[in-house]
Amino acid sequence: MKREAKINERQKKILYCVVREYILTKKPISSERVLEASDVSCSSATVRNDLRKLEYLGYLHQPHTSAGRIPTDKGYRFYVDETLSLIREYAQHSASIHSKYPMTFGDMEKILTGAAIALSRITKGAVVLEKPAIDKLKILRISIAPITKTYNVVSLITELGLVKFIPFRTFYEIDYLSLENLMNELLRGYTIESVGDRKFETNIDQYLLDLSEHLVNALKEDSSSNLVKVGIDTLINAEYFNIDEIRRLSNFFSDDSLLKKVLLKLEQLPKILIGSEHGIQGLENFAIFVDGYKKEEKLMGKVMVITSKVVKYEDVSNSLRYMVSRLTEYFTVATREEGRR
């Protein structure tokens, strides 16, 4: 197997400078610009030779003979890896976000949607946030409210403050308090995922038992669509993309099954996929950032940010890391608060 030639420290500085300057200016970078914008101490001829080597090794591309260089996906990957290894300003950056986008305790759906909107505004990207699966959350209480004689609403409250409302009709008027007591006996302290293992000894009206099973299945189906998606307009307005790129981005963003497939295959987090690295045809000019939020040490959901690949990677990465840290803090504290009740 052929070993790739290594680049020296000067060439690393030059490459880092080219990518950084291209992200800032979106114009090909010349050797003169490298000398102006970096602390590289050598002649213009030496920089040109290094640029040619970096192009030969696949880090840079020259659009035409008289132009400067622009990064390839390999060049962006070098920049990202170098940048993230040098980040030391996380606390300062996160504090500034905290002052603009405070996160308060309350309804989980609103908190997750608010976090996604804030992250989209900060990064100028599209955000996909995976909500915790309701079937994996412990159920605290179930309430049933009658609206008419045959129309009712069941409310399910989970350990993390997630509330689900399922309306349902019956063939005739039922004893809704008996149904409420039955469902609490069936579900309280369990997850929907594990309720099938629940054993109990009670004389139960078969119709109420069948109805409760129907409502549990409705809750399971309701949890299948668990993505918060915001900011595609923000991303499209932030950069210039051709109509084919916008169409493919829109198709990708609207396809829940494809989004879940991308999220599922990313096990090691955080992860940044640049251009062709994500393997999504037609989106080679985009970058995908993914990280996950937890409840204590258990992964609860992943968050994806889609941006142009010509972006300040350190800023997007810092913003995403901050937001998932805040969500982890929220879910961990919420769980501990529930444990004290």
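The values are calculated or read from the model by the stated rules, or taken from the named source; none is laboratory data. On a predicted model such as this, the values are computed, not experimentally measured, just so you know. Every residue, glycine among them, receives a Cβ derived from its backbone with ideal geometry; neighbour counts consider all protein chains shown.
Structural remarks
- ARG52, sole failed condition from (1) touching a residue at least 12 places away in the same chain (Cβ under 8 Å); (2) more than 22 Å from ILE288 (Cα to Cα); (3) not aliphatic (A, V, I, L, M): (1)
- Residues of segment 1-50 that turn out to be farther than 21 Å from TYR313 by Cβ and hydrophobic (A, V, I, L, M, F, W, C), as a count: 7
- Taking (1) in a loop (DSSP other than H, G, I, E, B); (2) within 17 Å of PHE286 (Cα to Cα) in turn, CYS42 satisfies each apart from (2).
- Residue in segment 110-126 that is in the same structural domain as LYS294 (by TED's automatic domain parsing), part of a loop (DSSP other than H, G, I, E, B) and at pLDDT 85 or above present: yes
- Every test in (1) in contact (Cβ under 8 Å) with a residue 12 or more places away in the chain; (2) in the same structural domain as GLU185 (by TED's automatic domain parsing); (3) not basic (Lys, Arg) is passed by MET300 save one, and that test is (2).
- Filter pass, LEU60 being among the aliphatic types (A, V, I, L, M), closer than 26 Å to ASN285 by Cβ, surrounded by 13 or more Cβ atoms within 10 Å (Cβ to Cβ) and at pLDDT below 75: no
- Segment 164-184, subset surrounded by fewer than 14 Cβ atoms within 10 Å (Cβ to Cβ) and outside any loop (DSSP other than H, G, I, E, B), residue modelled with the highest pLDDT: LEU177
- Yes/no for VAL316 being over 30 Å from ARG141 (Cα atoms), in a strand (DSSP E or B) and touching a Phe, Trp or Tyr at 6+ places or on another chain (Cβ under 6 Å): no
- For segment 13-37, the candidate set comprises residues that are under 19 Å from VAL310 (Cβ atoms) and over 32 Å from the mean Cα position of the chain (by Cα); within that set, the residue that is surrounded by the most Cβ atoms within 10 Å (Cβ to Cβ) is ILE14.
- Selection status of GLN268, of a type outside the set (Ser, Thr, Tyr) and under 30 Å from VAL333 (Cβ atoms): yes
- In summary, LEU299 fulfils each of the numbered conditions (1) in contact with a strand residue (DSSP E or B) (Cβ under 6 Å, 6 or more places away or on another chain); (2) surrounded by fewer than 17 Cβ atoms within 10 Å (Cβ to Cβ); (3) at pLDDT 90 or above with the single exception of condition (3).
- Helices (runs of 4 or more DSSP H) wholly inside segment 225-291 containing at least 3 residues that are of a type in the set (A, V, I, L, M, F, W, C), under 24 Å from ILE117 (Cβ atoms) and touching a strand residue (DSSP E or B) at 6+ places or on another chain (Cβ under 6 Å): none
- Count - residues of segment 45-60 that are of a type outside the set (D, E, K, R), part of a helix (DSSP H, G or I) and either within 36 Å of the chain's Cα centre (by Cα) or within 28 Å of PHE241 (Cα to Cα) (or both): 3
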